[in-house]
Amino acid sequence: MTIIKGKTVILTGASRGLGVYIARNLAKEQATIVGVSRSKLGLDRVGEQIKALGGKWISIPFDMKNVAELSTLVTQINEVAGPVDILINNAGIEIYRNFVDYSLEEMQSVVTTNLLSVMEITRLLLPIMLKRCSGHIVNIASVAGKKGVAYNSVYSASKAGLILWTDAIRQELAGTDVNISVICPGYVSKVGMTINTSIPVPQLAGISTPTKVANAVIKSLKQNQAEVIVNQNQVTESLTKLIFVIGQIYPEFIDTIYRLIGVVKLNQRRAENLNSIEILPNQIKKQLNNTGLA
Ligand SMILES: NC(=O)c1ccc[n+]([C@@H]2O[C@H](COP(=O)([O-])OP(=O)(O)OC[C@H]3O[C@@H](n4cnc5c(N)ncnc54)[C@H](OP(=O)(O)O)[C@@H]3O)[C@@H](O)[C@H]2O)c1
């Protein structure tokens, strides 16, 4: 069990989306939050909200793709906030494409943001956590890392890598006082990358709330959970797990289910409609309203 009260937490991807909900939960638990993302404006806006809730917040703008500079970021955080107790790797991007249409730069951008930066910042922070006999890392992956998702294949690969890397490190950390968890949300309502495209998601796939994902992060810390699937309710969570188990034995059967419930069609439409994952202007306003930041 990880105690959150009074702890220093790095939260990447803290400027919008799920990061705002995770930050609020951490503030309720009385942690000091070091918010990291590219947008200083976004971080400061979230910081104001957190401080209004009585929370402690430090904004550090940083592009997680600059993996070679992560050691400088860690030094900076140690100087301003002291040793890090909890690392929540939440920053992530996706780019919908027919696979052959990806550029090398796009593939590097997704894999570096979602996987390589997570491994590097963890590699830099782990020695101190191990020395202090205390620490917890939470990685925000996705159900797209449990079963490949067409037209979002590079994202799927990065999240699958994140899930299995977490699995491997958990075994390396066995017997230490440092823990690691991975959260795998399905589609999420109100804020974040699912709704950025404005294309409705298939009803049968289930859709959870950002609050549910943020609550799962806190629970994973308190109960030291290895892997958590987050979906609309317990029934859809159990069904999702069953689908992944069956998919290990009969992958093509689950391909058919994904096709029938509309997952493939949805992503095909996203790949056709979007040239990048940048948020559409009307979505920015909607999301700021949903997070109470407007
Ligand atoms: N929403 C969903 O439906 C869903 C479902 C499953 C999993 N997830 C996962 O949940 C996490 C959060 O997603 P979200 O839905 O909240 O997405 P989002 O609304 O697009 O927010 C992404 C966050 O990541 C930050 N970020 C992106 N690239 C970055 C970079 N290079 N360096 C630093 N920060 C960066 C963004 O901040 P800046 O732009 O300011 O850098 C932003 O704060 C992701 O890992 C995602 O894969 C989301």
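The condition of being closer than 19 Å to ILE180 by Cα, among the small types (Gly, Ala, Ser) and surrounded by 21 or more Cβ atoms within 10 Å (Cβ to Cβ) holds for GLY19.
The set of residues in region 43-59 that are in contact with a helix residue (DSSP H, G or I) (Cβ under 9 Å, 6 or more places away or on another chain) and either hydroxyl-bearing (Ser, Thr, Tyr) or within 8 Å of the ligand (Cβ to nearest atom) (or both) contains only SER59.
Cβ separations smaller than 9 Å between residues 6+ apart or across chains give the following pairs from region 41-54 residues that are under 11 Å from ARG24 (Cα atoms) to residues that are assigned to a loop (DSSP other than H, G, I, E, B) and within 11 Å of the ligand (Cβ to nearest atom): VAL46/ALA14; VAL46/SER15; VAL46/ARG16; VAL46/THR291; GLY47/ALA14; GLN49/THR291. Taking (1) in contact with a strand residue (DSSP E or B) (Cβ under 7 Å, 6 or more places away or on another chain); (2) of a type outside the set (A, V, I, L, M, F, W, C); (3) more than 16 Å from the ligand (Cβ to nearest atom) in turn, PRO127 satisfies each apart from (1).
For region 220-248, residues that are outside any helix (DSSP H, G or I) and surrounded by 12 or more Cβ atoms within 10 Å (Cβ to Cβ) total 9.
For region 161-180, which residues satisfy the criterion of being among the aliphatic types (A, V, I, L, M), within 25 Å of VAL245 (Cβ to Cβ) and either touching a strand residue (DSSP E or B) at 6+ places or on another chain (Cβ under 7 Å) or in contact (Cβ under 8 Å) with a residue 12 or more places away in the chain (or both)?
LEU162, ILE163, ILE169, ILE180
Applying the set (1) out of contact with any Asp or Glu (no Cβ under 8 Å at 6 or more places or on another chain); (2) within 13 Å of the ligand (Cβ to nearest atom) to PHE62 leaves exactly one unmet item: (1).
Looking at region 197-211 only, could you name the residues that are farther than 13 Å from ASN267 by Cβ and within 11 Å of the ligand (Cβ to nearest atom)? Those that are farther than 13 Å from ASN267 by Cβ and within 11 Å of the ligand (Cβ to nearest atom): ILE207, SER208, THR209, PRO210. Here the condition is being in contact with a strand residue (DSSP E or B) (Cβ under 8 Å, 6 or more places away or on another chain), of a type in the set (Ser, Thr, Tyr) and within 20 Å of ARG16 (Cβ to Cβ); of SER158, SER109, SER134, SER142, it holds for SER142 alone.
Taking LEU164, is it over 25 Å from GLN30 (Cα atoms), of a type outside the set (D, E, K, R), at pLDDT 95 or above and not in a strand (DSSP E or B)? So LEU164 fits the description; yes.
Rundown of residues vs (1) closer than 29 Å to GLY6 by Cβ; (2) touching a residue at least 12 places away in the same chain (Cβ under 8 Å); (3) part of a loop (DSSP other than H, G, I, E, B); (4) not charged (D, E, K, R), yes/no style:
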position	(1), (2), (3), (4)
CYS133	yes, yes, yes, yes
ILE137	yes, yes, no, yes
GLY148	no, yes, yes, yes
VAL154	no, yes, no, yes
LYS159	no, yes, no, no
VAL182	yes, yes, no, yes
VAL191	yes, yes, yes, yes
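A single entry from ILE121, ILE137, ILE95, ILE88 fulfils the requirement of being touching an Asp or Glu at 6+ places or on another chain (Cβ under 7 Å) and either within 16 Å of the ligand (Cβ to nearest atom) or farther than 26 Å from ALA27 by Cα (or both): ILE95.
The values are calculated or read from the model by the stated rules, or taken from the named source; none is laboratory data. Every value quoted in this text rests on a predicted model; they were computed, and no experiment measured them. Ideal geometry is used to build each Cβ from the backbone, glycine not excepted, and the neighbour counts take in all protein chains shown.
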